[in-house]
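The values are calculated or read from the model by the stated rules, or taken from the named source; none is laboratory data. Just so it is clear, the model here is predicted, and its values are computed rather than measured. Backbone-built Cβ (ideal geometry, glycine too); neighbour counts: all protein chains shown. The accessibility values were calculated without ligands, DNA or RNA, using every heavy atom of the protein model including side chains. Shrake-Rupley method; radii C 1.70, N 1.55, O 1.52, S 1.80 Å.
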Amino acid sequence: MTNKLKYFVGNWKMFGDFTSFKTVNKINQFSRKYKKLHKNKIILCVPNTLIFFFNKKLQSKNISLGAQNCHYYQNYGPFTGSVNSQMLKKTGAEYIILGHSENRSEGDTDKIIEKKINSSIKNKLNVIFCIGESYKQKKNGKTFSTLRKQMKNSLKKISNLNKIILAYEPIWSIGTNNIPKASQLKKTIKFIKNESKKILKIKKPIKVLYGGSVDPNNARSFSFIKEIDGFLIGRASQSAKKFIDIIENYYK
Ligand code: PEP
């Protein structure tokens, strides 16, 4: 079993309220003990309404909290209903998911995402930047060109790349219980690592997570793909049991 640091990131999406602290607390307690067994980092990206509350309630913090999106504008401004990265940082968020396909489908372009990444990094948030192809792009053999374009358009001008983690999330896999074939996934993660080195002119490959229908039953199968640096977990992360089972099964 690997001794490389692995990330387990929960994306709660639009779920949860103050009573959900029990879920966070269970995961936090699990993490305190489990960190001694395996090198891993747990991050829960929860709704904005809960970050400050969870952060205050956690007594000893063994996990990090994150947000799921922000407005591209860096300062205060006339954007009704929006929050910027600075406001999220002040709630106690350490991470932020950007470029999620659910936000792309609501109008986030590569350029808007680039601005969000820039603003988040300036405000000292670590960015989990999602890229991924649609089913149609996959069928038409456009997976690699889609990923290349997404990385190029949103990352090329970013200077502090230490703050970026990529998440490969094929759109056809999110919320569907369909996961890529192991050989294909390995190839794609390798492609992202190599291509990002070329685009960003860096020597050390960037970390790449996989996201899309990860659950306790399939978690173990991913442990054979050593190129994967961790997971972005949607639905299953809303349950402490499922989230913990994923981590334990991964290391079995
Ligand atoms: C996600 O929304 O980032 C995700 C991976 O969702 P799910 O795990 O539910 O497919």
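For every residue, the table says whether it meets (1) at pLDDT 95 or above; (2) among the β-branched types (Val, Ile, Thr).
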residue: Thr91; (1), (2): yes, yes
residue: Arg104; (1), (2): yes, no
residue: Glu114; (1), (2): yes, no
residue: Tyr135; (1), (2): yes, no
residue: Leu147; (1), (2): yes, no
residue: Asn162; (1), (2): no, no
residue: Leu166; (1), (2): yes, no
residue: Gly175; (1), (2): yes, no
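Among the hydroxyl-bearing types (Ser, Thr, Tyr), assigned to a helix (DSSP H, G or I), open to solvent by less than 60 Å² (accessible area, probe 1.4 Å) and in contact with a strand residue (DSSP E or B) (Cβ under 8 Å, 6 or more places away or on another chain): is that true of Ser20 in this structure? Here the answer is no, as Ser20 does not meet what is asked.
Ile228 passes every criterion in (1) in a strand (DSSP E or B); (2) more than 10 Å from the ligand (Cβ to nearest atom) apart from (1). In the range 92-126, which residues are within 16 Å of the ligand (Cβ to nearest atom) and on the phi > 0 side of the Ramachandran plot? Selection gives Gly99 alone. Looking only at the range 161-177, residues that are within 11 Å of Leu209 (Cα to Cα), more than 10 Å from the ligand (Cβ to nearest atom) and not aliphatic (A, V, I, L, M) come to 1 in all. You will find that of Lys39, Lys4, the residue that is in contact with a strand residue (DSSP E or B) (Cβ under 8 Å, 6 or more places away or on another chain) and of a type in the set (Lys, Arg) is Lys39 and no other.
Of everything in the range 58-91 that is small (Gly, Ala, Ser) and touching a Lys or Arg at 6+ places or on another chain (Cβ under 8 Å), the residue that is nearest to the ligand (Cβ to nearest atom) is Ser64.
Exactly one residue among Lys204, Lys193, Lys198 is outside any loop (DSSP other than H, G, I, E, B), at pLDDT below 95 and within 27 Å of Met151 (Cβ to Cβ), and that residue is Lys198. Evaluate the range 232-239: report whether one residue or more is farther than 20 Å from Thr23 by Cβ and either more than 16 Å from the ligand (Cβ to nearest atom) or of a type outside the set (Val, Ile, Thr) (or both). Among the residues of the range 232-239, not one is farther than 20 Å from Thr23 by Cβ and either more than 16 Å from the ligand (Cβ to nearest atom) or of a type outside the set (Val, Ile, Thr) (or both), which makes the answer no.
Taken as a whole, the condition of being assigned to a strand (DSSP E or B), modelled with pLDDT of 95 or more and either more than 20 Å from Asn25 (Cα to Cα) or of a type outside the set (Gly, Ala, Ser) (or both) does not apply to Leu50. Of all the residues in the range 177-226, those that are free of Cβ contacts under 8 Å to residues at least 60 places away in the same chain and either open to solvent by 80 Å² or more (accessible area, probe 1.4 Å) or over 19 Å from Val9 (Cβ atoms) (or both) number 23.
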